[in-house]
């Protein structure tokens, strides 16, 4: 009996060790006032060494690239030993306050949140749908389909991968009205084994999109969760049937809640988007 208990405990410890790592906390600052930039951050504390770390990224939405000299990082080290990731993040944000503040970023409003992953079991390649209540004037309501398409090779710490995102706008009969590929499949990321779209948001015009993507990474410390974003301006085909501003206002004043505007995922009819300190 003792031998069985010892073996069982060893099995538990081995399993725990194999999944050791850390999961980042996402900080979503939102779009700049003009909608041309997006700022997000993440922080955590690496397992075993208990060293905090933090990162802040400024992204040019139209270029889908980081702004030069405006990516800020504090790597885990002896200096950050026994400091929480949040403490390290707050210190990093404070040191770069003026550089970040100039963009006048604002938290995304409910109307800007098109999708949020609510089910942990939802696979990264599962299709995402949301309705286009704001821009369509047709009686037959249009909707969007989004699919993340990954390419993965190798396994374990030798894994590497890339991906792109397919987005389509369809009418109520399923006919494709517009389509676009977003991202750069030519970029290969070492150590990344999986991707999941965590949320999709748009700027106030509805023409610029940000996809916040969760990355599952594997290295010698175990499994780690990190975030990145892909950004794009939708091409003109997506906006051939736009509502006039007056019509959009009439819809917004109808007393319907956010879920009636189609900001929901394909698996749920409810939306509850209350983000605090959430790529």
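The values are calculated or read from the model by the stated rules, or taken from the named source; none is laboratory data. All figures in this text were calculated on a predicted structure; none of them were measured in a lab. Positions of Cβ are backbone-derived with ideal geometry, glycine not excepted, and every protein chain shown enters the neighbour counts.
Suppose the filter is modelled with pLDDT of 95 or more and assigned to a strand (DSSP E or B); does residue 91 pass it? So residue 91 does not fit the description; no. The set of residues in segment 73-98 being buried (at least 16 other Cβ atoms within 10 Å of the Cβ) and closer than 17 Å to residue 38 by Cβ consists of 93 alone. Residue by residue through segment 210-242, note down the ones that are outside any loop (DSSP other than H, G, I, E, B) and either modelled with pLDDT under 90 or touching a helix residue (DSSP H, G or I) at 6+ places or on another chain (Cβ under 9 Å) (or both). Correct list: 218, 219, 222, 223, 239. Could you go through segment 62-78 and let me know if any residue there is in a helix (DSSP H, G or I), more than 18 Å from residue 226 (Cα to Cα) and under 17 Å from the mean Cα position of the chain (by Cα). No - not one qualifying residue is present in segment 62-78.
Selection of segment 146-171 for residues being loosely packed, with under 13 Cβ neighbours inside 10 Å and not in a strand (DSSP E or B) yields 154, 155, 156, 158. If you go through segment 128-145 one residue at a time, how many are in contact with a helix residue (DSSP H, G or I) (Cβ under 9 Å, 6 or more places away or on another chain), in a loop (DSSP other than H, G, I, E, B) and at pLDDT 65 or above? Number of matching residues: 1.
Of the residues making up segment 172-191, those that are outside any strand (DSSP E or B) and surrounded by 15 or more Cβ atoms within 10 Å (Cβ to Cβ) are 183, 191.
Determine which member of the set 69, 104, 64, 108 is surrounded by 15 or more Cβ atoms within 10 Å (Cβ to Cβ) and at positive phi. Steps first, answer last, please.
Details: 69 fails: surrounded by 15 or more Cβ atoms within 10 Å (Cβ to Cβ); 104 fails: surrounded by 15 or more Cβ atoms within 10 Å (Cβ to Cβ); 108 fails: at positive phi.
After ruling out the rest, the residue left standing is 64.
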